Amino acid sequence: MFEEPFRFVEAIANRREYIENQIATGSPVVALNYAGGILLLTLGRERQKIFEVYDRIALAAIGHPGDIERLRMTAIELASTEGFTRSAGDVSLRRMANYSISPALKQAFEQVYGAPYLARMLFVELGPDAGQNTFLRVDYDGAIQTNGTPFSKTRQEYAALSGTRPSAEAMERFLARDFKSGLALREALSLALDAWTVGFLALDAEGEKKDELPGSDAIRGARREQMENAAVEAAVLENRAGSNITFRTVSEEELTALRGNDAG
């Protein structure tokens, strides 16, 4: 009888280790405010990682594509149902995450005889102005991290998602150092690519190097190499006067110009 609690704790620890190993190589994702709204960016070779959810809400995720798709459809259905039964203005990212998505992930994680979700997600919601944009991360165990609450004095204007915590922490340290409010889209794209590169390099870092940010030359060289071998996926939520359609993918022209600057 006394062994049962220990067995549960041991099973949860093994489950956590298994999931962390499965998603450890996931390509990082960067989200940050810019002058026109919110930018999301990642690099990849195969699968889409950035998705529209609702009028002012978008999602980026790493993990198993089947689990990501199930969670994406859940988020879309929740937002659409809320918007239909009440109004589009009543759709809230915080309510959707806290009362639906997080509990579902927590339940799946703790049901040790069932399959957990192999996914880590980053939601963003466009507010009336940049100071009210929301960045909210939901982990595979239902844990939520956000850039601020209504009671917070300050709100971060960026967020990072990665397959390992040291990688995500390195990206956030880099953004805390280099991010400035009011960036033009082109500047935001360049900063996001640098932050992504920091996270990518941290995935393979060992020992004390995990706590060190790479120098500008190392970032520039790794960024150029990865852009040659992988596709840039980027999308924005734009504040558009008189329109509820805010999501768009960043155009090839915008990305081509960025690559041209990088090559130079």
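Any read-out appearing in this document is the output of simple, stated calculations on the displayed coordinates, not a laboratory observation. As the structure is a prediction and not an experimental result, all values here were calculated from the model. Positions of Cβ are generated from backbone atoms using ideal geometry, with glycine treated the same way; all protein chains shown enter the neighbour counts.
Give me the number: length gained by fully extending V112 to R70, i.e. 0.36 nm times residue separation minus the C-alpha to C-alpha distance, one decimal in nm.
Full extension from V112 to R70 adds 13.2 nm.
Given T42, A168, F135, which one lies farthest toward the positive end of the charge dipole of the chain, if we put +1 on the Cβ of every Lys and Arg and -1 on the Cβ of every Asp and Glu?
Comparing the listed Cα positions along the dipole, F135 ranks first.
State the answer as a single residue: which of A218, L105, I12 lies farthest towards the positive end of the charge dipole of the chain, with beta carbon charges of +1 for Lys and Arg and -1 for Asp and Glu, about the Cα centre.
Sorting the options by dipole projection puts first L105.
Springs between alpha-carbon atoms under 10 Å, Gaussian network over the chain: tell me which of Q48, Q132, Q111 tops the mean-square fluctuations.
Q111
For the chain, with a Gaussian network of springs between Cα atoms less than 10 Å apart, report the residue from I23, I50, I12 with the top mean-square fluctuation.
I12
Test of understanding: given the chain, find the longest segment containing no GluC sites (Glu not before Pro) that are in a DSSP loop and have at most 13 other Cβ atoms within 10 Å.
47-205
Placing +1 on the Cβ of each Lys and Arg and -1 on the Cβ of each Asp and Glu in the chain, which of T256, A24, A235 has its Cα farthest towards the positive end of the resulting dipole?
Going by the Cα projections, it comes out as A235.
How high is the FRET efficiency from Y99 to A143, r the C-beta distance, R0 22 Å, rounded to 0.05?
Efficiency, from the Cβ-Cβ distance: 0.90.
Compute the longest continuous run of the chain that contains no exposed chymotrypsin sites (Phe, Trp or Tyr not before Pro); treat a site as exposed when its DSSP state is not H, G, I, E or B and it has at most 16 other Cβ atoms within 10 Å.
Free of exposed loop sites, the longest segment is 152-264.
Report the charge-dipole magnitude of the range 29-263 in Debye, nearest 20, computed about the Cα centre from +1 at each Lys and Arg Cβ and -1 at each Asp and Glu Cβ.
440
Can you figure out the FRET efficiency of E77 with V9, using R₀ = 41 Å and their beta-carbon distance, to the nearest 0.05?
In this case the efficiency is close to 0.75.
Taking the chain on its own, what percent of its Cα-Cα pair distances exceed 29 Å?
Percentage above 29 Å: 31.
Which of the trypsin sites (Lys or Arg not before Pro) found in the range 44-142 are in a DSSP loop and have at most 13 neighbouring Cβ atoms, other than their own, within 10 Å?
R45, R47, R86
Please give the FRET efficiency for A24 paired with D129, using the beta carbon to beta carbon distance and R0 = 45 Å, rounded to the nearest 0.05.
0.75
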